[in-house]
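Peer 1: Sending over a structure as structure tokens; questions will come in a sec.
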Amino acid sequence: MGNTEKNKWDDRHRPWPVPNLPWTMKQTWSDLLFAHYPVQYEVLRKLVPDVLPLDSYNGVCWVGVVPFRMSGVSLRGLPPIPGTSEFPELNVRTYVTLDGKPGVYFFSLEAANWLAVKGAKTGYHLPYWYADMEIQNKGQNIKFTSKRRQDRTIKLACSYRPTSQPFQAAKGSFEEWLVERYCFYTLNSSGVPLRCDILHEPWVLQEAEAEFSTNSILAKQGITVESDVPILHFAKKIDIRAWPLVHHATNRFHM
């Protein structure tokens, strides 16, 4: 392994070390749009489990709509999972901090790959949904559409593109608060919080612009935003490694 590969998986930029367990999955995310909307604390508190403390920046809570392209999904020591070479995905997320570990809470995740949806629901207790989706690149412009199979009124259609030079978020900045989160939280069937740690290099962002021709993904989940004009960022590509779920309080592997 060369120095570049070693540095790529260096975890010293994380706020806490990765678990003392082998990582279990790797994947690549490409052509991401981060569209963030301000939401009142009281609105989110009704939608996020009480056991997960909400996070805010300067007193404001945020919800992110994140369309992107997923590829290279594979389990440790195995070749890529058949049928997962590349497919669109869409996340709706907000931010929580538990025991000093800032992370992501997902309201929903949607993908155009049935196997990925089934695996994530089973293995990671995530609210994944199968959807008809398409992502197309035309130069710098990216066109994304999604329509959930189970409820076809839950849909998103947008086009987006980067508008600035790449940059890394400054320490303490709003951008760093949004994206530099190295875990997500979910609950098991008993309502106990579980944490999945992830590792990647610090995000390389760009400012972005976007047009939304259809966006019912928030309202259909009961999320009322304070402004329908989102703050936008773009990221070209990032490689991810994920660890198994652990009980947040004990760091013990969750079965």
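The values are calculated or read from the model by the stated rules, or taken from the named source; none is laboratory data. Owing to the predicted nature of the structure, the values given are computational and were not obtained by experimental measurement. FYI the Cβ positions are ideal-geometry reconstructions off the backbone, even for glycines, and counts take in every protein chain you see. Accessible surface areas use protein heavy atoms only, side chains included; no ligands, DNA or RNA. Shrake-Rupley method; radii C 1.70, N 1.55, O 1.52, S 1.80 Å.
Peer 1: What are the residues in region 188-204 that are of a type in the set (D, E, K, R), more than 15 Å from Leu32 (Cβ to Cβ) and open to solvent by 50 Å² or more (accessible area, probe 1.4 Å), if any?
Peer 2: none
Peer 1: Please work out which one of (1) assigned to a strand (DSSP E or B); (2) open to solvent by 40 Å² or more (accessible area, probe 1.4 Å); (3) touching a Lys or Arg at 6+ places or on another chain (Cβ under 9 Å) is the condition Lys220 fails and give its number.
Peer 2: Going through (1) assigned to a strand (DSSP E or B); (2) open to solvent by 40 Å² or more (accessible area, probe 1.4 Å); (3) touching a Lys or Arg at 6+ places or on another chain (Cβ under 9 Å) one by one, Lys220 breaks only (1).
Peer 1: Given the conditions (1) within 18 Å of Pro202 (Cβ to Cβ); (2) open to solvent by 50 Å² or more (accessible area, probe 1.4 Å); (3) more than 18 Å from the chain's Cα centre (by Cα), and given that Val51 satisfies all but one, which numbered condition is not satisfied?
Peer 2: Going through the list (1) within 18 Å of Pro202 (Cβ to Cβ); (2) open to solvent by 50 Å² or more (accessible area, probe 1.4 Å); (3) more than 18 Å from the chain's Cα centre (by Cα), Val51 breaks only (1).
Peer 1: One residue is enough: does region 147-162 have a residue meeting the conditions over 23 Å from Val60 (Cβ atoms), in contact (Cβ under 8 Å) with a residue 40 or more places away in the chain, assigned to a loop (DSSP other than H, G, I, E, B) and open to solvent by 20 Å² or more (accessible area, probe 1.4 Å)?
Peer 2: Yes, because at least one residue in region 147-162 is over 23 Å from Val60 (Cβ atoms), in contact (Cβ under 8 Å) with a residue 40 or more places away in the chain, assigned to a loop (DSSP other than H, G, I, E, B) and open to solvent by 20 Å² or more (accessible area, probe 1.4 Å).
Peer 1: Let me ask something else about it. Would you confirm whether any residue within region 221-236 is touching a residue at least 12 places away in the same chain (Cβ under 8 Å), among the basic types (Lys, Arg) and farther than 26 Å from Asn137 by Cβ?
Peer 2: no
Peer 1: Look through region 1-40, keep the residues that are hydroxyl-bearing (Ser, Thr, Tyr) and surrounded by 10 or more Cβ atoms within 10 Å (Cβ to Cβ), and return whichever of them is modelled with the lowest pLDDT.
Peer 2: Ranking the candidates gives Thr24 first.
Peer 1: Related question: Only one of these is surrounded by fewer than 18 Cβ atoms within 10 Å (Cβ to Cβ) and under 16 Å from the mean Cα position of the chain (by Cα): Glu211, Glu207, Glu180, Glu176. Name it.
Peer 2: Exactly one residue qualifies, and that residue is Glu176.
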